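The values are calculated or read from the model by the stated rules, or taken from the named source; none is laboratory data. These figures come from a predicted structure and were not determined experimentally. Here Cβ is always computed from backbone atoms with ideal geometry, including for glycine, and neighbour counts include all displayed protein chains. The area values use the complete protein model at the heavy-atom level, side chains included, leaving out ligands, DNA and RNA. Shrake-Rupley method; radii C 1.70, N 1.55, O 1.52, S 1.80 Å.
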Amino acid sequence: MAYLDLSGLQKSFGANQVVKSFDLGVAKGEFVSLLGPSGCGKTTVLRMVAGFETPTAGAIRIDGQDVTGQRPNQRNIGMVFQAYALFPNLTVAQNVGFGLKIAGVSAKETADRVAEMLALIGLPEMGARYPFQLSGGQQQRVALARALAPRPRVLLLDEPLSALDAKIRVSLRSEIRDIQRKLGITTIFVTHDQEEALSMSDRVVVMNGGRADQVGAPFEIYNHPATRFVAQFVGTLNTLDAVVTNAARGEVTVQGQPLQLGQAIAAGQGATVGLALRPEVVHLEADTALISRGDFALAARIASVDFLGAVIRVKAQTAAGVIALDLFNRPDAPPPPVGAEMALRFRGQDVIVLG
Amino acid sequence: MKRILSWATIGFAVVYFFLPLVGMLEFSLKMRRGEYSLDAYRSVMGDPQFQATFGYSVLMACLTIVFGVLVVVPTVFWVRLKLPRLRPFMEFITLLPLVIPPIVIVFGYIRLFNTSSWLPLTGSALGTDFLLMCGYAVLALPYMYRAVDTGLAAIDLATLTEAAQSLGAGWITVLARVILPNVLVAVLSGAFLTFAIVIGEYVFAALLDRPAFGPYLVWAGGNKAYEPAALAVMTFALTWACMMLIQLATKFSKHTRMPR
Ligand SMILES: Nc1ncnc2c1ncn2[C@@H]1O[C@H](COP(=O)(O)OP(=O)(O)OP(=O)(O)O)[C@@H](O)[C@H]1O
Ligand SMILES: [Mg+2]
């Protein structure tokens with residue numbers, strides 16, 4: 001059994017079922033993100049693990065021990081909140097030492113542990129300051145140190161980076177991940193930011209309407225989405241309609257052109273299926289003669305070009321709709337001008353078939 | 001013209017307010033014939049009755065403050081955290097002592113807790129003292145409740161509570177180590193108001209027949225000449241000291257408050 005095991009968790013507020021049968025096993029030392037749109041129940045799941053909400057049904061086990069009925073202060077779980085929630089009347093050192101003091105740890109030992117924690121978060125000199133004398137990023141790091149100081153069994157973070165500005169958000173990501181690796185602490189991280197989830201996690205849980213749609217490594221989630229929702233929620237996606245010509249062999253036609261997919265399709269002959277394409281698997285060709293030569297290619301007119309730096313996002317109008325694609329910046333090859341007539345190509349293996 | 005009028009108004013108000021005080025102060029200094037002296041104050045201070053009643057009232061004020069804090073802080077905390085829908089109701093309840101005359105309240109107490117009732121509190125001095133303290137707490141409730149409620153509104157109660165709980169704190173620890181220190185200033189201003197109310201209170205103490213400072217003031221007013229003036233000046237000074245302490249406490253609090 002996994003170190004942290006959630007089985008059949010459900011939560012209703014009145015008639016409103018917010019979490020519907022949620023299962024998840026987290027291995028010891030693993031970093032798992034809950035990713036999903038606003039209101040899908042991420043926070044509610046996390047609060048059930050922390051003990052702030054009582055599940056309507058289901059069980060929570062940590063290291064084989066059932067903690068479903070335990071009060072929050074008995075669970076030894078560290079929690080970091082979006083709003084930092086540092087105690088305003090205590091100094092940074094007292095904040096970090098709070099959990100140890102309650103646990104009855106001696107003053108000497110507490111001081112050592114606090115110093116160790118402050119060093120870990122890179123704020124060794126800040127112990128005597130009050131929270132209001134720190135920046136948002138520093139406050140959140142102190143909150144992390146405070147949660148980690150009593151050596152919790154599990155660390156929970158609820159959108160800890162959402163209140164920070166973009167640059168600090170990105171640098172704190174890797175800082176949190178480094179600390180988590182160093183301590184080997186089992187962690188659940190809640191976010192609605194897919195970049196955060198994909199870049200930080202060992203595994204990502206994509207939640208939709210109170211359920212886990214897919215649980216997998218970031219690579220898996222991004223490249224092999226299990227449901228239409230996951231495909232559309234994670235990353236940018238182009239969708240096209242295709243007509244099935246041979247379901248078992250994965251043959252379809254797009255705009256009358258035959259295309260060989262990498263997988264069989266669960267649909268009947270002549271049915272219409274949805275295909276999805278990541279922007280990075282679509283290629284632009286200046287040679288429009290390709291289209292008449294019989295290779296798979298779609299005629300396209302460049303509708304917009306956004307230069308983002310390393311990546312150039314191009315939108316092209318085709319008979320099958322607007323398709324977004326990403327080009328890498330190359331100093332020797334300027335992006336195509338808007339209005340240019342070009343050809344779009346992609347490989348059948350790179351296509352995601354939407355269920 | 002307008003300026004003159006407004007200055008005149010202010011001048012009138014100052015005279016109206018301070019003249020009696022000045023008169024009283026002057027009178028309290030005139031006990032010795034022909035010269036100013038502190039004889040009246042000396043006489044008051046030397047009066048064992050004064051010492052006894054004043055000491056009693058100070059003790060009652062302190063007990064009332066502790067009792068009030070112990071009742072009000074957890075209640076407001078719980079209502080704000082778990083039963084926010086009850087807040088209008090609480091507002092109403094805590095305003096009642098301002099609209100119900102103390103004499104009505106104390107007659108209610110005497111009816112409910114007299115010697116032949118189910119809980120004969122008035123049967124013993126200690127029981128009556130307890131009843132008196134409860135009465136004082138009720139009188140101070142509107143001020144204590146509002147002070148604490150405003151104090152709690154300034155902090156993120158729910159998140160701080162959860163943060164403390166996840167660090168292992170039980171309810172008592174949360175209240176004592178997280179909530180109370182963060183509303184200490186509010187509690188202090190409530191406490192000073194309570195003190196000022198209790199020190200001068202007459203109706204409860206007189207009707208429950210306890211040896212408090214309020215009845216002593218009234219008794220002295222009817223039986224002495226210069227001492228009541230001295231007492232009034234001293235009571236005023238004490239009340240103003242309380243008010244100043246509230247101001248000081250508020251200033252002191254800037255240290256821990258968020259500047260944003
Ligand atoms: N205490 C509560 N009482 C009633 N409904 C609640 C309560 N807490 C949450 N909900 C409802 O449960 C649903 C899920 O809430 P939750 O906070 O878990 O969402 P979330 O995925 O964390 O969203 P966000 O990304 O916006 O934080 C929401 O529709 C919310 O209104
Ligand atoms: Mg949330």
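At a glance:
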read-out: Rg ratio (alpha-carbon, reference 2.2 N^0.38 Å) - the protein assembly as shown; value: 1.45
read-out: 222 nm mean residue ellipticity, helices alone, for chain A (DSSP H n ≥ 4; -39,500 (n - 2.57); rounded to 500); value: -7500 deg cm²/dmol
read-out: Whole-Hz couplings from phi, Karplus 6.51/-1.76/1.60, listed for the stretch B:34-40; x for Gly and Pro; value: x, 8, 7, 7, 9, 4, 4
read-out: Cross-link pairs A:LYS101/A:LYS182; A:LYS11/B:LYS82; A:LYS20/A:LYS42; B:LYS82/B:LYS251; B:LYS30/B:LYS224 - those with Cα-Cα distance over 21 Å; value: A:LYS101/A:LYS182; B:LYS82/B:LYS251
read-out: Nitroxide proxy distance, nm - points 7 Å out along Cα→Cβ at A:ASP287 and B:LYS30; value: 11.9 nm
read-out: Principal-axis tilt of helix B:102-113 within chain B, Cα atoms, nearest 10 degrees; value: 60 degrees
read-out: Shielding by partners, peptide A:90-99 (average Cβ within 10 angstrom, other chains); value: 2
read-out: Solvent-accessible area per residue, Å², over the protein assembly as shown with all protein chains present [probe radius 1.4 Å]; value: 49 Å²
read-out: Integer Hz, Karplus 6.51/-1.76/1.60 couplings in order for the stretch B:230-235, x for Gly and Pro; value: 4, 4, 4, 4, 5, 5
read-out: Lys/Arg +1, Asp/Glu -1 at C-beta; the stretch B:50-252 dipole; positive extreme among B:LEU126, B:LEU152, B:ALA176; value: B:LEU152
read-out: Label-to-label distance, nm, for residues given as B:PHE89 and A:VAL338 (7 Å Cα→Cβ offset); value: 6.2 nm
read-out: Solvent-accessible area, 1.4 Å probe, carbon plus sulfur percent, for the stretch B:50-252; value: 73 percent
read-out: Counting DSSP beta bridges with both ends in chain A, the antiparallel % (nearest 5); value: 75 percent
read-out: Pairwise burial B:A, computed as accessible area of each alone minus the pair, summed, 1.4 Å, Å²; value: 2200 Å²
read-out: Distance (nanometres) between label positions extended 7 Å along Cα→Cβ at B:PHE18 and B:SER37; value: 2.9 nm
read-out: Under-5 Å amide H pairs with A:MET79, H placed in peptide plane, nonlocal only; value: A:LEU156
read-out: Charge dipole (debye, nearest 20) of the protein assembly as shown; +1 at Cβ of Lys and Arg, -1 at Cβ of Asp and Glu; value: 1140 debye
read-out: Dipole magnitude of the stretch A:234-355 about its Cα centre (Cβ charges: Lys, Arg +1; Asp, Glu -1), debye to nearest 20; value: 120 debye
read-out: Per-residue HN-Hα couplings for the stretch B:149-164 [Karplus 6.51, -1.76, 1.60; θ = phi - 60°; Hz; x = Gly/Pro]; value: 4, 5, x, 6, 5, 7, 10, 7, 3, 4, 5, 4, 4, 5, 4, 5
